[in-house]
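Taking it in order: structure first as structure tokens, then the write-up.
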Amino acid sequence: MNRILTEHFFGDMMFHGKRYPTWQEKQQLAVQILEEFPHLEQTRVSENAPVESYFFWVHGGLNTGCHTGLIETRVANMRKDVSPEDRKFRRAKIKSIVVTEDQVSTAAHISALNPTPGNAKIIADGMAQAHDLHESLLQKKDENRLHSIIDTFPHFLSFEGEMIIQAFDRLHEHPNNGPSLSALLRLGLLCDKTSWSQVEDDVLRGTLRLMKALSNKGVKRTSSLQNASLGELAAEPLIRWIPFTAREPGFDELLAVKEIQPAGDPHIICAAEHFKKGNYYIALDKTIIPCGNSAVRAIEILFKSFDIFGVKAPVLLRKLDAMIASNVWRSKTSSKLDSTKDGLATELTVDSD
């Protein structure tokens, strides 16, 4: 009976109307079945469950999760017979990549070059020629994928992240048609007039306020900072300040940052007094990427590095990552993250002027 009724009510809809039944439609069918066959009330899943729960139960009686019941199971099986081009959710096709010996040789050659201004063009051209090798490393499901990519292309850590920016453009193969990153991040200055007012860089201040507006309610947070202010703790998912108060002659700032061996999720490090401007670095699984003294560039390198190294954006930065990717770089057509209930949509219309 369940098979006959489900295919009668939903078959044409799914195979010709090219849409799936909503949970309300599935529940309505379950209610109709119980109205026609009231003796089936004895099939209810539990004493407190709806009478139609054996046929369809929203979230299985929980607040969230999969729906349950015979109708839900049958509809799920019917979805398998929908032609691939008509399916609502499709598996992304894995790009077939052929890596040649020449590309491997090119990658080995440029990895041995020193990252000097004179070698910059040779290295950039070589990384473009070996791009297929980079993509093949990204496709591997390997816990050490990040370090495999860095070992093969060590110059991702050089030239203040310029090779990351170039590789990102090659990876997505389309022009940047959105507003400037700086224009989007400055919108955060309108979200809040008081938070992080001590932060010297206005773009960074706007970014932190955007991160706050795109709240992550219910996400458990931990901190590795000690004796930190509330402002530092709130900013920690994005940036951490490390003041070096005793700078002796010959002090190597990059070496000092590396010796700290920052733990936790990817983030930005600013070598300066708390909330002040300074030199910026990306901490990525104990790997340090110098980014110069521009906060905008550091933010750009951080969020583009997720795609370049196949690293997931930290939970507390995912909404901000989605907003930037869909509005500025157009690397995503839309966001799966719904932040409208937080009062701020991840897709915006921004006037770059």
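What to note about this one:
- Cα-based radius of gyration of region 1-79 once divided by 2.2 N^0.38 Å, which approximates compact folds: 1.06
- Cα pair distances exceeding 37 angstrom across the chain, given as percent: 38
- Measuring how big region 44-87 is from its alpha-carbon positions, Rg and Dmax come out at 12.8, 43 Å.
- The amide H of R240, built 1.01 Å from its N in the peptide plane, has I268, I269, C270 as neighbours under 5 Å, considering only residues 5 or more places off or on other chains.
- Relative contact order (%) - criterion: Cα under 8 Å, at least six apart; region: the chain: 13
- Pairs of Cα atoms farther than 13 Å apart, region 101-157, %: 57
- Separation of the alpha carbons by more than 25 angstrom is noted, of K312/K332; K18/K319; K80/K140; K88/K332, for K18/K319; K80/K140.
- For region 22-118, convex hull volume per residue from C-alpha positions, Å³: 228
- For region 1-79: relative contact order, % (alpha-carbon pairs under 8 angstrom, 6 or more apart): 27
- 5 angstrom amide H check on A49, placed H, neighbours 5+ away: none
Rule-based calculations on the coordinates, nothing more; no lab input. Since we're looking at a predicted model, the values are computed, not measured.
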